[in-house]
1. Give, in nm to one decimal, the length gained when the segment between residue 51 and residue 127 is fully stretched (0.36 nm per residue of separation minus the Cα-Cα distance).
2. For the pair residue 105 and residue 58, how long in nm is the line joining their label points, each one 7 Å along Cα→Cβ?
3. Tell me, what ³J(HN,Hα) does each residue in segment 51-57 have, in order and in whole Hz, if you take phi through Karplus 6.51 cos²θ - 1.76 cosθ + 1.60 with θ = phi - 60° and put x for Gly and Pro?
4. Please turn the phi angles of segment 64-72 into ³J(HN,Hα) values with the Karplus equation 6.51 cos²θ - 1.76 cosθ + 1.60 (θ = phi - 60°), one per residue in order, whole Hz, x for glycine and proline.
5. Residue by residue through segment 94-109, what is 3J(HN,Hα) from phi via Karplus (6.51 cos²θ - 1.76 cosθ + 1.60, θ = phi - 60°)? Round to whole Hz and write x for glycine and proline.
6. Per Stokes-Einstein, at 10 °C and 1.306 mPa s, what whole-number D in µm² s⁻¹ belongs to segment 48-98, with the Kirkwood radius over Cα pairs as the hydrodynamic radius?
Amino acid sequence: MKAVLNRALRLVRRAFEEGRANIHWHEPSPPAGSSLEACQRKLQDLRVRWTLVLLALKLFYMSLGSFAGAALISLFGSVFTASGQHLSFNFIALLGLLAGTVGVAGLVTGCTIMMRETRLAIKNLEEETRGPR
């Protein structure tokens with residue numbers, strides 16, 4: 001999760017640097033080789049990437065909470081096993097399974113979103129290395 005947070009912070013820094021480098025565009029003519037539309041497109045791409053990273057981070061934290069909840073529910077369910085209350089045990093076991101499933105689903109979804117963000121980052125880097133056309 002630390003890597004995801006670092007990635008999010010790099011995106012914020014990059015958006016800030018992009019905006020600061022192009023602030024002089026309010027003058028009558030933009031600098032040679034650059035356009036306002038290109039800058040706006042870059043900033044929009046950074047916003048999309050930031051949104052994806054933030055969503056993935058939320059899902060990772062939800063998964064962490066779900067796994068902790070599943071562990072706690074499992075411990076709580078063991079009390080019902082010792083006391084012989086099988087109906088309560090079945091309910092608690094189902095609840096623990098549900099919490100664990102939510103955790104796994106959150107991890108899978110978060111990883112999928114991070115893969116999408118990585119593809120966007122690679123695409124943006126390829127466009128930057130090609131330069132203006």
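The numbers here are math on the coordinates, done by the rules we state, and not lab data. These numbers come from a predicted model, not from an experiment. Cβ placement follows ideal geometry from the backbone for every residue including glycine, while neighbour counts extend to all protein chains displayed.
1. Details: separation 76, 0.36 × 76 = 27.36 nm, distance 2.04 nm.
Stretched fully, the residue 51-residue 127 segment lengthens by 25.3 nm.
2. Distance between label points: 1.6 nm.
3. 4, 5, 5, 5, 5, 4, 4
4. 4, x, 5, 5, 5, x, 5, 5, 5
5. With coefficients 6.51, -1.76 and 1.60, one gets 5, 5, x, 5, 5, 5, x, 5, 4, x, 5, 4, x, 5, 5, 5 Hz.
6. Result for D is 128 µm²/s.
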